[in-house]
1. So which strands (runs of 3 or more DSSP E) are wholly in region 178-292 and hold at least 1 residues that are away from the ligand (no atom under 16 Å from the Cβ) and assigned by TED's automatic domain parsing to the domain that holds Asp139?
2. Kindly establish whether Asn241 is open to solvent by 80 Å² or more (accessible area, probe 1.4 Å) and at pLDDT below 95.
3. Could you please let me know if Gly59 is at positive phi and either surrounded by fewer than 17 Cβ atoms within 10 Å (Cβ to Cβ) or β-branched (Val, Ile, Thr) (or both)?
4. For region 64-74, check the following and say yes or no: at least one residue is farther than 30 Å from Leu168 by Cβ, open to solvent by 60 Å² or more (accessible area, probe 1.4 Å) and in a loop (DSSP other than H, G, I, E, B).
5. Can you list residue pairs whose Cβ atoms sit under 6 Å apart, with the first residue in region 93-111 being touching a residue at least 24 places away in the same chain (Cβ under 8 Å) and the second being open to solvent by 20 Å² or more (accessible area, probe 1.4 Å) and in a helix (DSSP H, G or I)? Count only pairs 6 or more apart in sequence or on different chains.
6. Looking at (1) touching a helix residue (DSSP H, G or I) at 6+ places or on another chain (Cβ under 8 Å); (2) touching a residue at least 24 places away in the same chain (Cβ under 8 Å); (3) within 22 Å of Val231 (Cα to Cα), which one does Pro148 not meet, given that it meets all the others?
7. Has region 2-18 got any residue that is small (Gly, Ala, Ser), in a helix (DSSP H, G or I) and touching a helix residue (DSSP H, G or I) at 6+ places or on another chain (Cβ under 7 Å)?
8. Give Phe230, Phe204, Phe170 a once-over and let me know the one that is aromatic (Phe, Trp, Tyr), open to solvent by 40 Å² or more (accessible area, probe 1.4 Å) and at pLDDT 95 or above.
Amino acid sequence: MAPVASSSSLPLAPALYVVATPIGNLGDITLRALETLRSVDLVACEDTRHAKHLLDHHGLRVPTLALHQHNENEAAEKLIRLLGEGKRVALISDAGTPGVSDPGARTVAAVRAAGFCVVPLPGANAAITALSAAGLMDDRFLFVGFLPAKVGARKTAITALAAVDAALVFYEAPHRVLETVRDLAELLQPQREIIIARELTKLFEQIERLPLAQALAWLEADTNHQRGEFVLIVSAPPLRNGSELEAETERVLTALLAELPVKQAVKLATEITGQPKNALYARALALKSDNL
Ligand code: SAM
């Protein structure tokens, strides 16, 4: 294999460098990110004090400029002026990858529209970190990020996601984790699994995998389980298409009806398959009459 040229020997070209920073453990930053932050003329960051903590930790002395959700348009214009003067600028957020549930997307779009180069530097991201330790066999995942804070809008959003044939990845804050998990358990099939990943890369990191139906009890069992920052991953729906679903439901219902009275069989089949009780009841009566 031909040797790959190291970027370290080349001077940094004028561009916007989008740099991923740690999500907790300050060691989780790439060599290239450190080299870039050392070489740029300015670091645009969500919170200058937060950024200084990271820069000081790595012995980096570089001017900073606040760029957050309330001033992103004006700050982006400032960066574009600097890029026009041939300056090299880095963009970081408080944690992880800029533009992922964080400011950055508008700046990147404006810089690109102004004709300047945008260079991404990959690194930490909470969703991908949680997925890497989830052990899910699902081929696909959908990154949802934060659900709406208002109950009605949150329930509508979860209901709309229920049939998506992929694992679902959410971000959540500690003060809302209980209600979000309660809604997920209520509105998604109970046999789906949840991975509760809290405080990733930090001292109290915890990654728990359990059936969705047991998640609320786990959170409530210990107030420590509700502390910190959360990534929640719900495994994909267990059955992937309508005919498989129907066949499996039919199989479960028939097996239960052979052993139990209709009411009990339907109750259990509802719990096992997650299918609507009324539909199962109607199907159970039809199966019974077929066998008379
Ligand atoms: N840009 C970041 C990224 O690339 O992951 C996400 C920033 S978003 C404002 C912050 C949310 O990400 C937190 O509320 C939490 O849901 C998740 N998060 C960030 N750091 C985390 C960590 N160490 N452990 C678990 N979740 C984390």
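The values are calculated or read from the model by the stated rules, or taken from the named source; none is laboratory data. Predicted model, so just to flag it, every value in this text is computed and none were measured. Note: ideal-geometry Cβ built from the backbone for every residue, glycine included; neighbour counts use all protein chains shown. When the accessible area is computed, the model is the full protein with side chains, heavy atoms only, and any ligands, DNA or RNA have been set aside. Shrake-Rupley method; radii C 1.70, N 1.55, O 1.52, S 1.80 Å.
1. Values: elements: 193-198, 206-211, 230-234.
In region 178-292, the matching strands (runs of 3 or more DSSP E) lie at 193-198, 206-211.
2. Details: open to solvent by 80 Å² or more (accessible area, probe 1.4 Å): no; at pLDDT below 95: yes.
Taking the combined requirement at face value, the residue does not satisfy it.
3. Here the answer is yes, as Gly59 does meet what is asked.
4. no
5. From residues that are touching a residue at least 24 places away in the same chain (Cβ under 8 Å), the pairs are Asp94/His50; Gly96/Ala126; Gly99/Ala105.
6. (2)
7. yes
8. It is Phe204.
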